[in-house]
Each structure stands twice: as structure tokens, then as C-alpha cells.
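Worksheet for the structure shown next.
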Amino acid sequence: MIVMTPEAEEAEIAAVRARLETTGVHVLVLPGELTTAIGAIGDPERVRGLNLEGMAGVDRVVPISRPYKLASSELAHHEPTSFSVDGRAVGPATFTLIAGPCTVETREQTLGVARAVQASGASMLRGGAYKPRTSPFAFKGLGVPALEILAEAREATGLPVVTEFLDTTHADAIAEYADVVQIGARNMQNYALLEVAGKLGKPVLLKRGLSSSLDELLMAADYVLKEGNERVMLCERGIRTFETATRFTLDLSAVPWLKLHSHLPVIVDPSHASGDRRLVEPLSRAAAAVGADGIIVEVHEDPDEALCDGPQALYARDFPEFAERVAAHASLCGRSLA
Ligand code: PEP
Ligand code: MN
């Protein structure tokens, strides 16, 4: 929609109309009491390329259609997307429980947690081999040895492995070991990384940036989807607000909003959102109640000794009851653990 200034002259309105018509869009002139608006119906990209804002008599150009395309539920996809990750269903009938340590520290630690979460109904194992750390002096992950440990844990439990893809130079290693490629919050707008992730041919768990809008999240998803990769999960993991009581603010309204505007599954991360294990269960239950397709949570056998994110890690010994109570909430919404 092109809104003209109140002073715009007929010749200026005609000039805008003529420029729009060069692109083949359908043009509708809507004279109003104060100003004239001109509707352009058709390909928004072509209209954007016309630089109408600079033309005489134009006040503003207001996009009506949504800026994300492939992630949108407006276009081809009206049905929610569902897919399988090595036989584990993700989608409307399932509540996907992804659990595991923040980071792989040792073989024993990772296998211990993997067995504990597998026994209680988790459908995938999380664990970082490459960690994005706020301080360059913090533990950054074991790299390839961690990926080898994760592969061993997959072998022992049958759980597909979700691990973060931090840098394009790790692409070969991630392609070899990961079953789900996680894009961390700090990299949601690393467009080169998103394109490489899309090309790996593996499902992608795309985390929302710390200060990213939902429109930006869906445009980031478009980067992966445009590589022909349809298996994308969106992840709400808390955003920056004025509130400092929790590590981030879990934006639960993102879940039903994303369900309205996108066909992609939505996973909630209450661990990184809250930073506090005491809040992880209530937020997980809330995620189930608000219609999330699953959660991703951090678990450790001895969180006090964890190298990363200990205060938010659930005790492995508490995980069975946690999983049972969250599954009960999910079943109220017609979902069962995968
Ligand atoms: C993680 O899941 O290990 C992680 C670093 O999360 P985020 O990117 O959401 O901070
Ligand atoms: Mn973590």
C-alpha cells in the first residue's frame, strides 16, 4: 500500500501508478478524504525494488503481506509440518522431549545422563560439543572428541543427537555426527551459517535470537528452508527484557503466535530462558499447555560440578518424575511423548 501525502498532485499519483504498472502488479487507486492510497496487489519483492519512497508525493509504503515466505502458514503450507528424526516423530500429535547435558564434559557424564533421560521417555539427546560462550575464557567444549562421545551415547541409547553447529568450519564434523543441527540463539542471524546448515540435509533446531523478533526468527528459518530443507524446528529460548529476576524472559506467547503464522514445529527451552532449575518444570508444563511441540532441557547427574549452566540443569535423579508430570500436561493437549 502506497500512502500519498495530503498535498500530492494528480500527476504524482499517476507517476506512482505508472511505475507500479511496469512490474505487472495490479494497481488500485483509493482516493480518501485527506490522502490517496494506492494498493499494489502482486509480488511484494518487485514493488520493494521500485524505490517508491523516494518519489514526489509519496508519504510512505506500508507492506501488507508478511516478510517471511517459506516459513509462513499463509502460502503453500496450511497444515502443520511434521517429520521424523530417525524414527522419532516431531509434530502435532507428539510432545518431543529433548534432554541432556549443556555440554559434553566426559564420556561417563554424557553416557550417564543419556541413559537416565532415555529411560524416562526422552526422544532425543542434547549435548554441546562446541559452546558459544560469552567470555572467551570459559569452557568452549571438547569439539570432535565430544561428538564421538555423543555418537557412543546414541549407540548405547538409540537417542538421536541434537548438537550445536557454531561455525561453518565445523560443517564436516557436524554432518558426520549430528542427527539434529542446532543453531544457537547467538547465531540466529548468522546467514552464512544458516545456509550451510540448510545444505547439511539434517533437521535443524533454530533458536530465537536473544533480542530477535518473531518476524526475524521466521525470516531466519526461510534461510534454511530455501536450501530445500523442510525439517526445521523453531525454538523459543527466552529473550532480553527489563526483567533480571530470570536469566531471560520466556516468551510463551511466541508459541501460539508462531502456530498461527507458521507451519513449523515449536520447541521451548525453559532451561536457558530461566537459568534456574526450580522454574524448569513449571515452564515446561506451561509450554505443553500453550501448545508447544516439545521442550529441550538440560540435565546433569551432578549439576554443582557442571562446567556450564549448572544452576539450570535438572538433577538426573529427578528426571523420571519431571518427565512424567510434563507428559501428563502434554496429554491434556492430545500429545504423547514420541
Ligand atoms: C544451548 O542450548 O546449549 C545454548 C547455548 O542455547 P542458546 O543458544 O539458546 O543460548
Ligand atoms: Mn546451556
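Values as computed for the structure displayed
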item: Residue among Glu298, Glu281 that alone is under 18 Å from Ile98 (Cβ atoms) and away from ligand 2 (no atom under 14 Å from the Cβ); result: Glu281
item: Which listed residue, of Ala273, Ala292, is more than 23 Å from Pro92 (Cα to Cα), buried (at least 24 other Cβ atoms within 10 Å of the Cβ) and touching a Leu at 6+ places or on another chain (Cβ under 9 Å); result: Ala273
item: From the options Glu216, Glu230, residue that is under 18 Å from Glu74 (Cα atoms), open to solvent by 30 Å² or more (accessible area, probe 1.4 Å) and in a loop (DSSP other than H, G, I, E, B); result: Glu230
item: Complete set of residues in the stretch 1-40 that are not hydrophobic (A, V, I, L, M, F, W, C) and not in a loop (DSSP other than H, G, I, E, B); result: Glu10, Glu12, Arg17, Arg19, Glu21, His26, Pro31, Thr36, Gly39
item: Filter result for the condition that a residue is β-branched (Val, Ile, Thr), within 30 Å of Tyr223 (Cβ to Cβ) and at pLDDT 90 or above, over Val3, Val16, Val58, Val62; result: Val62
item: Positions within the stretch 233-242 being under 24 Å from Leu200 (Cα atoms) and either open to solvent by 50 Å² or more (accessible area, probe 1.4 Å) or within 11 Å of ligand 1 (Cβ to nearest atom) (or both), in sequence order; result: Cys235, Glu236, Arg237
item: Candidate set from the stretch 252-269 (those that are free of Cβ contacts under 8 Å to residues at least 40 places away in the same chain and part of a helix (DSSP H, G or I)); member that is most open to solvent (accessible area, probe 1.4 Å); result: Pro256
item: Verdict on Gly184 being at pLDDT 95 or above and over 22 Å from Ala89 (Cβ atoms); result: yes
item: Residues that are within 13 Å of ligand 1 (Cβ to nearest atom), over 18 Å from the mean Cα position of the chain (by Cα) and outside any loop (DSSP other than H, G, I, E, B), drawn from the stretch 93-127; result: Gly100, Thr103
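Residues checked against (1) in contact (Cβ under 8 Å) with a residue 24 or more places away in the chain; (2) more than 15 Å from ligand 1 (Cβ to nearest atom):
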{"residue": "Leu218", "(1), (2)": "yes, yes"}
{"residue": "Thr244", "(1), (2)": "no, yes"}
{"residue": "Ser271", "(1), (2)": "yes, no"}
{"residue": "Ile295", "(1), (2)": "yes, no"}
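The values are calculated or read from the model by the stated rules, or taken from the named source; none is laboratory data. This one's a predicted model, so the numbers in the text were calculated from it and none came from an experiment. As a convention, Cβ positions derive from the backbone with ideal geometry for all residues, glycine included, and neighbour counts pool all protein chains shown. Note: areas computed on protein heavy atoms with side chains; ligands, DNA, RNA excluded. Shrake-Rupley method; radii C 1.70, N 1.55, O 1.52, S 1.80 Å.
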